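> Quick one: the structure is below, and I'll ask about it shortly.
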Amino acid sequence: MPAPSRPAPSAPTQTPAAAGLVALADRCVQCGLCLPHCPTYQTDRSEAESPRGRIAYIRAVATGQLAPSAAGDTHLDHCLGCRRCEAACPAGVRYGELLLGARTEQARRRPLPARTRAILALLARPRLLARLVMLRRRLGRALPSAWRGPLPPAPAPVALPRPAPGPAAPVALFAGCIARPFESPARAALARLLAAAGQGVVLPEGQGCCGAAAAHAGDASGAARLAATNRAAFAGQTKVLCLATGCQDTLARSLAGVTPVEDALVALERVAGALRFRTPLHRVALHLPCTQRSVVRSDAALRALLARVPGLDLVELPDTGCCGAAGLHQLAEPARAAALRTPLLDALAASGAKELLSANIGCRLHLAGGTTIPVRHPIEFLAEHLA
Ligand code: SF4
Ligand code: SF4
């Protein structure tokens with residue numbers, strides 16, 4: 001399909017938000033080099049499901065040259081926010097920023113569905129969410145299947161060890177929202193690995209969801225409230241480590257000027273010379289989330305860490321674009337999310353691996369929903385194989 005032609009200059013009545021969107025969209029030279037990298041374009045083979053098509057729609061609506069339509073908004077809804085297009089773009093289009101702005105405008109003219117609002121309200125209350133997840137774990141199969149929801153069973157909680165007194169100030173861990181109950185073994189594993197390298201960790205009280213889900217749904221004010229909560233919770237910390245590649249960018253933006261945020265794998269790799277690992281007994285598969293490849297870019301650190309495990313039999317799953325999780329996309333668009341997941345699960349089944357490693361909580365929950373092979377954070381695997 002040919003590229004859409006460049007619309008005429010912006011209308012003079014634009015709001016500042018619309019003018020900002022036009023300025024971001026105007027960086028696009030419509031070369032189409034991002035199209036082969038876009039998972040939704042690969043699936044649908046439609047310009048409207050491509051980065052270039054979405055940018056053209058956002059611009060046309062922002063300039064007033066096109067009235068928002070249900071079809072156009074649906075194509076925007078389908079965007080996974082994976083930002084593979086941004087990583088591939090030679091013109092420096094800040095697609096992630098453009099998408100968040102467009103979704104905010106979209107939410108102003110088209111109120112969020114009640115289910116999305118309910119999910120965002122729950123994500124904004126991680127302690128309540130964790131209690132509900134653990135209640136569901138305790139009730140298990142006694143719950144009617146319709147009440148169990150799409151999540152796999154939560155792991156047993158693992159307490160974080162107290163930091164041993166030492167010369168280095170402890171670093172803070174970010175717990176997140178749904179990751180709070182599901183990632184407790186990964187946080188404890190990270191604490192164990194860092195302790196072996198002489199580094200303590202703390203889990204500051206009062207922290208909350210990073211706000212990525214709210215921002216991607218267009219709830220900019222909800223995302224701003226969560227950012228303020230985290231700024232207060234992490235004030236005074238020397239550094240914050242993030243285990244979820246899908247949360248890190250939003251968290252880092254929220255804490256800019258307060259404290260630096262670093263991927264836990266990058267931080268661990270820096271001190272990994274002090275660590276020794278033993279040989280695993282089984283084959284392991286590795287999934288690299290799109291946020292890890294295109295946004296956080298901690299895939300090199302993860303590969304370097306895994307290369308330290310002697311005799312590791314590792315199979316890297318193919319880069320199929322996106323697993324389909326994409327925050328709330330897996331709940332809002334379950335059929336599309338499952339279709340994007342299928343090639344990865346087929347590759348996993350064919351690999352002969354006994355477990356799958358993935359560094360993003362959303363991807364792990366989504367992938368675990370389609371396989372009986374255990375799915376863990378790479379940090380858990382590494383801690384289990386500490387010599
Ligand atoms: S963010 Fe991902 S799904 Fe959305 S347009 Fe870019 S590459 Fe496609
Ligand atoms: S690669 Fe960049 S400039 Fe080219 S179409 Fe995609 S977003 Fe536009």
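The values are calculated or read from the model by the stated rules, or taken from the named source; none is laboratory data. Because the structure is a prediction, the values reported are computed rather than measured. Neighbour counts are summed over all protein chains in view; Cβ atoms, including those assigned to glycine, are modelled from backbone coordinates with ideal geometry.
> Filter region 151-182 down to the residues that are in contact (Cβ under 8 Å) with a residue 60 or more places away in the chain and over 24 Å from residue 274 (Cβ atoms) and list them by number.
151, 152, 176, 178, 179, 182
> Could you tell me whether any residue of region 367-385 is within 16 Å of ligand 1 (Cβ to nearest atom) and either surrounded by fewer than 19 Cβ atoms within 10 Å (Cβ to Cβ) or not assigned by TED's automatic domain parsing to the domain that holds residue 81 (or both)?
Within region 367-385, none of the residues are within 16 Å of ligand 1 (Cβ to nearest atom) and either surrounded by fewer than 19 Cβ atoms within 10 Å (Cβ to Cβ) or not assigned by TED's automatic domain parsing to the domain that holds residue 81 (or both).
> Filter region 314-327 down to the residues that are within 16 Å of ligand 1 (Cβ to nearest atom) and either modelled with pLDDT of 95 or more or touching a Leu at 6+ places or on another chain (Cβ under 8 Å) (or both) and list them by number.
319, 320, 321, 322, 323, 324, 325, 326
> In region 119-164, how many are in a helix (DSSP H, G or I), surrounded by fewer than 17 Cβ atoms within 10 Å (Cβ to Cβ) and modelled with pLDDT under 85?
Matching residues across region 119-164 total 10.
> Being more than 16 Å from the chain's Cα centre (by Cα) and farther than 26 Å from residue 200 by Cβ, is that true of even one residue in region 239-255?
Checked against the condition, which is being more than 16 Å from the chain's Cα centre (by Cα) and farther than 26 Å from residue 200 by Cβ, region 239-255 yields no hits at all.
> Do we have residue 23 as assigned to a helix (DSSP H, G or I), at pLDDT 95 or above, outside the structural domain of residue 215 (by TED's automatic domain parsing) and more than 15 Å from ligand 2 (Cβ to nearest atom) here?
So residue 23 does not fit the description; no.
> Same structure again: Quick one: in region 36-74, of everything that is small (Gly, Ala, Ser), in contact with a Pro (Cβ under 9 Å, 6 or more places away or on another chain) and more than 9 Å from ligand 1 (Cβ to nearest atom), which residue is nearest to residue 90 (Cα to Cα)?
56
> List the residue pairs whose Cβ atoms are under 9 Å apart, where the first residue sits in region 41-65 and is under 18 Å from residue 100 (Cβ atoms) and in contact (Cβ under 8 Å) with a residue 60 or more places away in the chain, the second is more than 11 Å from ligand 1 (Cβ to nearest atom) and among the β-branched types (Val, Ile, Thr), and the two are 6 or more positions apart or on different chains.
none
> Being under 17 Å from the mean Cα position of the chain (by Cα) and assigned to a strand (DSSP E or B) is the filter here, so list the residues in region 357-387 that pass it.
357, 358, 375, 376
> Checking the conditions here, which among 269, 316 is free of Cβ contacts under 8 Å to residues at least 40 places away in the same chain and closer than 25 Å to residue 195 by Cβ?
Matching residue, one of 269, 316: 269.
> I need a count of the residues in region 60-81 that are among the charged types (D, E, K, R) and either assigned by TED's automatic domain parsing to the domain that holds residue 336 or closer than 27 Å to residue 293 by Cβ (or both).
At the first step, the residues of region 60-81 found to be among the charged types (D, E, K, R) are 73, 77.
Add one more test, that the residue is either assigned by TED's automatic domain parsing to the domain that holds residue 336 or closer than 27 Å to residue 293 by Cβ (or both), and what stays is 77.
Number of matching residues: 1.
> Restricting attention to region 82-91, and to residues there that are more than 8 Å from ligand 2 (Cβ to nearest atom) and either surrounded by fewer than 21 Cβ atoms within 10 Å (Cβ to Cβ) or hydrophobic (A, V, I, L, M, F, W, C) (or both), which single residue is nearest to residue 294 (Cα to Cα)?
Checking each candidate, the answer is 87.
> Would you mind telling me which numbered condition in (1) surrounded by 24 or more Cβ atoms within 10 Å (Cβ to Cβ); (2) closer than 30 Å to residue 73 by Cβ; (3) out of contact with any strand residue (DSSP E or B) (no Cβ under 9 Å at 6 or more places or on another chain) residue 248 fails?
Tallying (1) surrounded by 24 or more Cβ atoms within 10 Å (Cβ to Cβ); (2) closer than 30 Å to residue 73 by Cβ; (3) out of contact with any strand residue (DSSP E or B) (no Cβ under 9 Å at 6 or more places or on another chain), residue 248 fails exactly one: (3).
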